[in-house]
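For reference, the structure discussed in these notes is given below.
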Amino acid sequence: MVRGMPGACSARGIWRQGNQALRQCVLPFDSVSSTPLSARSPSLSRMFNVTPDFNTDVNVHQHRIELRKVREKKIEEIRGRTSASLIPDSMRHVEEDEDHKTTARNLKELGQQRLTMEERKNRRRALDNLGVPSFDKFLADRNVSLKKSEVEILQLNIGLYCNQACNHCHVESSPKRKEMMSKEVAKRCIELLDKSPSIKTIDLTGGAPELNDQFRFLVSEASARNKEIIDRCNLTVLTEPGQEDLVDFLVKHKVRVIASLPCYSLKNVDTQRGSGVFEKSIHGLMKLNQAGYGAEGSGLVLDLIYNPLGGFLPPEQKALEEKYKTELSTHFGIVFNSLFTLSNMPIKRFADFLYRRGELQEYMDLLVRNFNLATVDGLMCTNLVSVGYDGKMYDCDFNQQLALGMKVNKLSSPTVFDVQSLEELRGLAVVADSHCFGCTAGNGSSCQGATA
Ligand code: SF4
Ligand code: SF4
């Protein structure tokens, strides 16, 4: 599954991205203007796409983060070494990595709910220290309010089980997580698909969604209804034992694959996503290409996701896509359709990562300083409903991880059983909080990349 989001530089260990001179003459929070939404033109982002720190270099292989040593390996060795499961390595990582151990200890001591509240408090405190109002007020001051328009995307987080245990995972997935969607909830989602003609896309995420019991059922049912189907794939799942027929299944249902690959270099991918992940990801991409994914005219779409290694904004999406295409094609003969850039969201493992290093405030400052009004129209919460494995509904996957339920019929945690159709949700106010600044910084961030 795919996730991400980031900001400025950090003090201890994280690669320094920021241009200090530029920072010292930073513009006010809204560097775009307070022009009302209705007055904005599509070319606005091109005119104003440089917020103060939206200047990350596209040579992302040069970005470094000091976490642990990763050995360089030769690509010729890849094919022969990627047949074993990644799960034992991920389990070992969860048990030995200091950040994972601290999170597990806090979870045990405080419980999920208190931990999430602590996290919200820390973020709020960081914004208070910076003198920044709530996200809602911040938008209201600029004559903007966030409301659901027509719901076109039904995003299902069908479970937290994953064969990986990435350091920045905003859903805190790993092989240790066993939560999965039940058949009852999966069937109800398909019923809602039938009752909500505005839904064009079913977007499956996790964990590793393919390892969930309901994945193939949901894909087959959505396919029979001619919906666009997205599989947010971590790539390594394609070489997991037991998944030998997965690529054929995806081809059969013309599933669009959106895959995480936070760099085209081994070192950076393994640093962020775990030892051995790069090789397996490359092997997964080769398998997809062999089946026709990414090839022009094949009708099989393969998109990649980049998220920064640390606390800085992603580079400009189109320029980075060109760089990825050149690198992946030159070194591995790999082709793909589009690259999406995501910012790292200051929540869960990434928020912990920042907080433990005393960098949360600096990151929040970066996000706020780079607020870009032109990103707001494209925020994914306006046309998407996110459903958790337990059937609860949210405005987006990030709200889901923070247990910020939608507000439907005065219910604070509505489920798919509380509505007759997702079309009922049109016009509802989106539930926003301080993490939302992660979606509006620079050129914006969503599950489909930049929004400005
Ligand atoms: S741990 Fe799994 S769900 Fe989380 S970011 Fe990594 S691949 Fe995605
Ligand atoms: S975090 Fe969710 S609710 Fe907030 S702006 Fe982003 S998509 Fe919208």
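None of the figures in this text is laboratory data; all of them are computed from the coordinates on show. Here the structure is a predicted model, which is why all the values come from computation and not from measurement. No Cβ is skipped: glycine too gets one built from the backbone with ideal geometry, and neighbour counts run over all protein chains shown.
Brief remarks follow.
- FRET efficiency, Thr330 to Asp245 (Cβ-Cβ, R0 30 Å, nearest 0.05): 0.45
- Cross-link pairs Lys254/Lys325; Lys147/Lys410; Lys200/Lys325; Lys108/Lys178; Lys195/Lys392 - those with Cα-Cα distance over 26 Å: Lys200/Lys325
- Label-point separation, Glu322 to Lys176 (7 Å along Cα→Cβ), nm: 4.4 nm
- Taking other C-beta atoms within 10 Å as the exposure proxy, Ser173, Ser413 rank Ser413, Ser173 from fewest upward.
- Footprinting exposure proxy for Arg256, Arg225, Arg124 (fewest neighbouring C-beta atoms within 10 Å first): Arg225, Arg124, Arg256
- Overall dimensions of the range 137-257, expressed as equivalent-ellipsoid semi-axes from the Cα gyration tensor (√(5λ), whole Å, largest first), are 27, 21, 13.
- Full extension of the chain between Glu95 and Lys200 yields a length gain of 33.7 nm, computed as 0.36 nm times the residue separation minus the alpha carbon distance.
- Sequence of Val301, Val60 once ranked by neighbouring C-beta atoms within 10 Å, starting from the fewest: Val301, Val60
- Amide H contacts under 5 Å for Glu172: Arg349, restricted to partners 5 or more places along the chain or on a different chain, H placed in the peptide plane at 1.01 Å from N.
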